[in-house]
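Below is one structure; the comments refer to it alone.
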Amino acid sequence: MRELDISIPMGSRTPEWPGDKPFSCGWTMRLAAGGSVNLSAITTSPHVGTHADAPLHVHDGWLASHELPLSAFAGRAFVCSVNPSIDHVEPNDLPSLPSRGPVERLLLRTQCGVAGGSFPKRWPVLSLDTVRVLLGRGLVLLGVDTPSLDGLDSKTLDVHHALFRGGAFNLENLDLRSIADGEYELIAYPLLVADLDAAPVRAILKPCATE
Ligand SMILES: [Zn+2]
């Protein structure tokens, strides 16, 4: 079955959040310089490229990167486009989402992300009402193609808090540019890095036969 890669690289060409530590790579050893191997050493915020936030990111004592539950990060997922010009996504702004039934995983396609190579100035954000409605339908994972679930200037990170308090998790910086709305099989396990506020993710969609 065809795999659709919806990941953005953790790399030096991926724009980081303004003020965040960009990805950079130094070399401890190079073959060309007479070393026995090529050996890299990286410095980066874990939020560069596609990643899952750990709840620890917004609250001391909440789960860290190695404690993210695998079950949230694989399974049926809906991709839903929203109008890129709206600020707050209300339940009615998700026309391609089935109006009833469970929604365990939702990937929000705003086309306002870093996939095009520059950091966006703004992007649509789910309203808290929409988060509540989705949690009520069984949401365990909210993925976005934007750098954050919350807005660029948010200091209170209300959507992060509401999602984590509801027992759900997130993916940020997805590349959904070429993905059509619909239902897919998602595989997006966080890397097992210890004690961080986020973990890099390789996110893959597989089309699923719908009845
Ligand atoms: Zn993040």
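FYI, it's all coordinate maths here, none of it is from the lab. All figures in this text were calculated on a predicted structure; none of them were measured in a lab. We place every Cβ from the backbone using ideal geometry, glycine too, and count neighbours over all the protein chains shown.
General remarks:
- Here's the list of lysines a cross-link from K21 could span, going by alpha-carbon distance under 29 Å and ignoring same-chain residues fewer than 8 apart: K121, K155.
- Simple spin-label estimate for R137 and L70 gives 2.8 nm between the two label positions (7 Å along the Cα-to-Cβ direction from each Cα).
- Among the trypsin sites (Lys or Arg not before Pro) within segment 100-182, those in coil by DSSP and having at most 10 neighbouring Cβ atoms inside 10 Å are R100, K121, K155.
- Computed over the alpha carbons of segment 1-94, Rg followed by Dmax gives 18.8, 62 Å.
- Placing a label point 7 Å from the Cα of Y189 along the Cα-to-Cβ direction, the residues of segment 21-60 whose backbone N falls under 16 Å of that point are 52.
- Taking label points 7 Å from Cα along the Cα-to-Cβ direction, K121 and D20 give a separation of 2.1 nm.
- Dimensions of segment 47-125 from C-alpha coordinates, computed as largest minus smallest value along each principal axis and given longest first, are 36, 35, 21 Å.
- On full extension, the segment bounded by A32 and A180 gains 48.8 nm, given 0.36 nm per residue less the C-alpha separation.
- Likely footprinting exposure, H161, H57, fewest C-beta neighbours within 10 Å first: H161, H57
- Residue order, fewest to most beta carbons within 10 Å, for M10, M29: M29, M10
- Ranked by how many other Cβ atoms sit within 10 Å of their own Cβ, fewest first, the residues L106, L31, L149 fall in the order L31, L106, L149.
- Stokes-Einstein D for the chain, Kirkwood Rh over Cα pairs, 20 °C, 1.002 mPa s (µm²/s): 121 µm²/s
- Sites K206 and W62 - FRET efficiency at Förster radius 35 Å, r taken between beta-carbons, to 0.05: 0.70
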